[in-house]
1. Quick check on the stretch 82-96. Is at least one of its residues under 20 Å from Leu17 (Cα atoms) and out of contact with any helix residue (DSSP H, G or I) (no Cβ under 6 Å at 6 or more places or on another chain)?
2. Across the stretch 38-64, what is the number of residues that are among the basic types (Lys, Arg) and more than 21 Å from the chain's Cα centre (by Cα)?
Amino acid sequence: MQPIYLMEKFVFLKPFLYLSKEKIINYANHRKISFLEDETNQNDYYARNRIRKFVIPYLQKEHNFLKNIYKFHIQLTEIYQLVKEQTNLFLKYHYHQQGAKEA
């Protein structure tokens, strides 16, 4: 996921995607910015919270998970952009070739 991405007609902004909760809270506290936390973030009923509270800390401790997953994400983003560009070039070329044959 990118900090800014498009889906159909919508633009999604996630400016804090790569910041830890600790960094965000420290920033807000240092600048006396009040904030609210969604109370469902504390409920283990939701899988996202169990992953955040139990799985990620374990993987981070054992395998430096967050750093590696971030690197992997960057690589996938670059690959996606390359495939997208090459696909557009391919379609543009073949569309023009097909149009020339039909004329």
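Rule-based calculations on the coordinates, nothing more; no lab input. Bear in mind the structure is a predicted one, so any value in this text is a computation, not a measurement. Here the Cβ is made from the backbone with ideal geometry for all residues, glycine too, and neighbour counts use every protein chain on show.
1. Scanning the stretch 82-96, I find no residue that is under 20 Å from Leu17 (Cα atoms) and out of contact with any helix residue (DSSP H, G or I) (no Cβ under 6 Å at 6 or more places or on another chain), so the answer is no.
2. Number of matching residues: 1.
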